[in-house]
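The values are calculated or read from the model by the stated rules, or taken from the named source; none is laboratory data. Note that the structure is a prediction, hence the values are computed from the model and not measured. Using ideal geometry, Cβ is built from the backbone for each residue, glycine included, and neighbour counts are taken over all protein chains shown.
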Amino acid sequence: MARIGVVAEYAGEARVAATPTTVKQLLGLGYEVLVETGAGAQASFADDAYAAAGATIGSTVEAFGSDVVLKVNPPTDTEIALLEPGSILIGLLSPAFKPELVAALAARGVTALAMDAVPRISRAQSMDVLSSMSNIAGYRAVVEAANEFGWFFTGQVTAAGKVPPAKVLVAGAGVAGLAAIGAASSLGAIVRATDPRPEVADQVKSIGGTYLKVEVEVEASTDGYAKATSEAYDRRAAEIYSEQAADVDIVITTALIPGRPAPKLLTAADVASMRPGSVIVDMAAIQGGNVEGTVAGERVVTPNGVVILGYTDLAARLPAQASQLYGTNLVNLLKLLTPGKDGEVALDFDDVVQRAVTVARDGEVTWPPPPVQVSAVPAAAPAAAAGRRSTRPNSSRLGNAEAGDG
């Protein structure tokens, strides 16, 4: 029976890789579970709650010395040194952007599984951390915008006069974008959305938004991930953004292309055209941002009084909810890795999901994995198919690969 160690994250990260609820599920798979002292404190999960769920509470060294270590953020060099050779580390490792980390884990003899490398196929939906975190981040982006915006979101008629509703533009109708559209609409705002996939129009409408279509032909995705768009598309998209920036109060951008810097959607001139007090939430800040002037992790106020939020921890700002969803994603992966429910990991490289997430094994770097081909949604597909996980939109100046998962 292997032992799973749930470690505390370093300063600034409030999430934890397991909750008392998911600890019970891990025990049901036959594992022992040891939780580092205080690991869940920032997410309001006390050590006593973990102990009541059946976990042992232990030290940092004990947790990192476990057979399987569950983590949220990539480990530091100090933390890597605490991992036992032959152990398994599961967490958000950003292998495409941190090759030196993957190499260090391989050199340590650690088998490393990246939760942010789960393939975009239907069978892996229950393990898709990026979607889980994007859902939370999209919702939180609206909360942050509302906190900064000095007016109502909803229109009102009061004894003191009529108050118009806020106008919100959401760039991208993927998981993060749809969460933002739904949240802003529920607060009473007028919500507009952009996305390269015209088939998402009905989905946007169903949650209270208006879809802004770019009238050019867009190449369909063949592997489920976002791709760069055409020059004609970019030109028209740029015009739409310029038009909208001058009209709306709040802009929320979610465009990312895996493995590449975030595409620029709003220029400095677009930002300068916005009214004082307007708010931009750039959910792609961690990869350079969709907006000129974004600073990752910072709140910026432009000379014309526009607030640009480049927060990279939006999901972590709802730590209890984020930890529960992240922990559930981990449990679902471990169910796949533990077919006998005997507390022993049986890593199967013939399984496309397990192969895709494994970035280091037996002292060797195994990233990138062989490509996973999935079927894109046909152009003429009914609107009900719009948001299926088998397709991510192309994106450049207009797009929506998932953003904001910390």
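Would you check if Leu113 is surrounded by 22 or more Cβ atoms within 10 Å (Cβ to Cβ), free of Cβ contacts under 8 Å to residues at least 40 places away in the same chain and either farther than 29 Å from Lys335 by Cα or touching a strand residue (DSSP E or B) at 6+ places or on another chain (Cβ under 8 Å) (or both)?
Answer is no for this residue.
Got a sec? Which of Ala184, Ala189 is under 20 Å from the mean Cα position of the chain (by Cα) and not charged (D, E, K, R)?
The unique qualifying residue is Ala184.
Checking the condition surrounded by 21 or more Cβ atoms within 10 Å (Cβ to Cβ), outside any helix (DSSP H, G or I) and touching a residue at least 12 places away in the same chain (Cβ under 8 Å), which residue from Ile286, Ile252 passes?
Going through Ile286, Ile252 in turn, the sole match is Ile252.
Which one of Gly340, Gly327, Gly293 is farther than 28 Å from Val102 by Cα, at pLDDT 95 or above and surrounded by 14 or more Cβ atoms within 10 Å (Cβ to Cβ)?
Sole residue among the options that is farther than 28 Å from Val102 by Cα, at pLDDT 95 or above and surrounded by 14 or more Cβ atoms within 10 Å (Cβ to Cβ): Gly293.
Within region 253-260, is there a residue that is farther than 23 Å from Ala179 by Cα, assigned by TED's automatic domain parsing to the domain that holds Ala171 and at pLDDT 95 or above?
No, region 253-260 has no match at all.
Restricting the first residue to region 289-310 and requiring it to be touching a residue at least 24 places away in the same chain (Cβ under 8 Å) and under 22 Å from Pro261 (Cβ atoms), which pairs with a second residue that is polar (S, T, N, Q) and not in a loop (DSSP other than H, G, I, E, B) meet a Cβ separation below 7 Å and a spacing of at least six or different chains?
Qualifying pairs under 7 Å: Asn290/Thr253; Val291/Thr253.
Condition first: of a type in the set (Gly, Ala, Ser) and touching a helix residue (DSSP H, G or I) at 6+ places or on another chain (Cβ under 7 Å). Can you find one or more residues in region 16-34 that meet it?
Yes, because at least one residue in region 16-34 is of a type in the set (Gly, Ala, Ser) and touching a helix residue (DSSP H, G or I) at 6+ places or on another chain (Cβ under 7 Å).
From the residues in region 207-240 that are small (Gly, Ala, Ser) and modelled with pLDDT of 85 or more, which one is nearest to Ser186 (Cα to Cα)?
Gly208
Mind checking which residues of region 320-375 are among the hydroxyl-bearing types (Ser, Thr, Tyr) and closer than 30 Å to Ala46 by Cα?
Residues satisfying the conditions are Ser323, Tyr326, Thr328, Thr338.
Residue under question is Val118, and the condition is that it be buried (at least 19 other Cβ atoms within 10 Å of the Cβ), closer than 26 Å to Val281 by Cβ and touching a residue at least 12 places away in the same chain (Cβ under 8 Å); does it hold?
Taking the combined requirement at face value, the residue satisfies it.
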